[in-house]
Amino acid sequence: MATAVVGVATISVATYWLGFLPSKFRAAATQVEKIGVELLGDPKVSGEKEPTVEISVLVRNPTKKAVVVPVGNGLTVKLRLTHDGTEIPKNSFHVGIANMRDAPMFVIRPHDAAWIRGSFFPDARDWQLIDADLANGGSVELRAT
């Protein structure tokens with residue numbers, strides 16, 4: 001009786017692993033597709049009292065699923081100062097998306113892309129850090145996600 005139970009358990013485990021392993025090998029062999037965000041052109045600074053930075057980005061969706069982007073906080077930007085490697089702000093700027101003002105969100109279909117214009121608002125302390133970095137021969141790298 002014990003031999004029969006062990007035999008059934010062994011056959012069950014072997015059958016499970018033979019069915020499970022091919023999917024694991026396929027997953028390891030295929031590369032995971034990721035959403036890409038690419039900055040288009042140079043950012044523009046506008047306004048004197050409360051300067052804003054205006055950007056244009058291209059968001060690519062190479063996946064097989066639609067991507068929903070909330071208009072209020074779906075796009076964030078980090079600034080990296082090259083002189084000392086500081087990132088400002090550490091928690092990112094949320095970008096207000098200009099070309100989708102009335103909609104709460106937009107959808108990027110599978111294997112499609114969307115062009116987005118938006119603005120973010122560094123505060124006075126952020127501008128001081130940027131000016132100090134530029135004065136020391138650094139530059140500002142912008143990374144949108």
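The values are calculated or read from the model by the stated rules, or taken from the named source; none is laboratory data. Every value quoted in this text rests on a predicted model; they were computed, and no experiment measured them. Quick reminder, even Gly has a Cβ in these numbers, built from the backbone with ideal geometry, and neighbours come from all protein chains shown.
Quick notes
- Filter pass, Arg117 being closer than 14 Å to Val53 by Cβ and either part of a helix (DSSP H, G or I) or at pLDDT 85 or above (or both): yes
- Note on the stretch 50-104: residues that are more than 28 Å from Gly138 (Cβ to Cβ), among the small types (Gly, Ala, Ser) and surrounded by fewer than 17 Cβ atoms within 10 Å (Cβ to Cβ) total 4.
- Residue among Val45, Val69 that alone is modelled with pLDDT under 85 and in the same structural domain as Trp115 (by TED's automatic domain parsing): Val69
- Looking only at the stretch 110-145, and only at residues there that are of a type in the set (A, V, I, L, M) and in contact (Cβ under 8 Å) with a residue 60 or more places away in the chain, the one that is nearest to Arg60 (Cα to Cα): Ile116
- Number of positions in the stretch 46-76 that are touching a helix residue (DSSP H, G or I) at 6+ places or on another chain (Cβ under 9 Å) and assigned to a strand (DSSP E or B): 2
- Flag for Pro51 being touching a strand residue (DSSP E or B) at 6+ places or on another chain (Cβ under 7 Å) and in contact (Cβ under 8 Å) with a residue 40 or more places away in the chain: yes
- Asp112 meets the stated requirement of being of a type in the set (D, E, K, R), surrounded by 13 or more Cβ atoms within 10 Å (Cβ to Cβ) and over 18 Å from Val53 (Cβ atoms).
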